[in-house]
């Protein structure tokens, strides 16, 4: 495990694969309530053939700490930017699952010259008040422990028995925050880089119509629909996404 201290002293867990000699860096970002233990691991080795690959646990997730009392997306985006500074990475390709893709888009809008390409897989962009309320009801650790004990056990393993309940509650608050203060279509329309919006044809959280709309709003947006893939990362297979990533992120 390698860690770096953010501006508030929070220890952020990250890993680097490959050497700087490859010339290009690809950052893989997990999603909300995800970690390096369960997400993107199967993509690291094949992608390392073409890129220097960096992975990180988001603030408060996995082996990363969180000295703040909430999950603030601006702070989480700043963590990514500052980690890249620490690693002396000036430009980067980003692939993010779920919240990771959302944070990647935030970084691309704030630092357009830093992000070369962005893959957003299963990223919920349209957080209406209704969608946020429904998600907040689901993000109750007590209900999760009772109704979906297998998933709750996985959260314990990934984030720690003492911390997972706090993380789930903070994630619920983050969803509410995004519904009130998140990115808008007007923001997305100012994106200056190629963005590949990826969604599974069985994703119930991110309907195909939403993903298609987002890809059309982004000036250099493209859409890929993955057959037989639902929202959970566990349903994502290397093929056909891997060759699409290799082609997309290798663009001049």
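Side notes on the structure shown:
- Residue check for residue 23: free of Cβ contacts under 8 Å to residues at least 40 places away in the same chain, at positive phi and surrounded by fewer than 23 Cβ atoms within 10 Å (Cβ to Cβ): yes
- Of the residues in segment 99-115, none is modelled with pLDDT of 95 or more, more than 30 Å from residue 189 (Cβ to Cβ), assigned by TED's automatic domain parsing to the domain that holds residue 191 and in contact with a strand residue (DSSP E or B) (Cβ under 9 Å, 6 or more places away or on another chain).
- Within segment 26-51, tally of residues that are in contact (Cβ under 8 Å) with a residue 12 or more places away in the chain and either in a loop (DSSP other than H, G, I, E, B) or surrounded by 24 or more Cβ atoms within 10 Å (Cβ to Cβ) (or both): 18
- Residue in segment 63-72 that is outside the structural domain of residue 152 (by TED's automatic domain parsing) and farther than 23 Å from residue 172 by Cβ present: no
- Within segment 229-246, residues that are within 13 Å of residue 39 (Cβ to Cβ) and in the same structural domain as residue 41 (by TED's automatic domain parsing) sit with their Cβ atoms under 8 Å from residues that are at pLDDT below 95 and crowded, with 16+ Cβ neighbours inside 10 Å, at 6+ positions apart or across chains, in these pairs: 233/38; 234/38.
- The sole residue among 175, 156 that is closer than 22 Å to residue 109 by Cβ, part of a helix (DSSP H, G or I) and not assigned by TED's automatic domain parsing to the domain that holds residue 13 is 175.
- Hey, residue 148 farther than 22 Å from residue 104 by Cα and either in contact (Cβ under 8 Å) with a residue 12 or more places away in the chain or surrounded by fewer than 17 Cβ atoms within 10 Å (Cβ to Cβ) (or both) or not: yes
The values are calculated or read from the model by the stated rules, or taken from the named source; none is laboratory data. As the structure is a prediction and not an experimental result, all values here were calculated from the model. Reconstructed Cβ throughout: ideal geometry from the backbone, glycine too, with neighbour counts over all protein chains shown.
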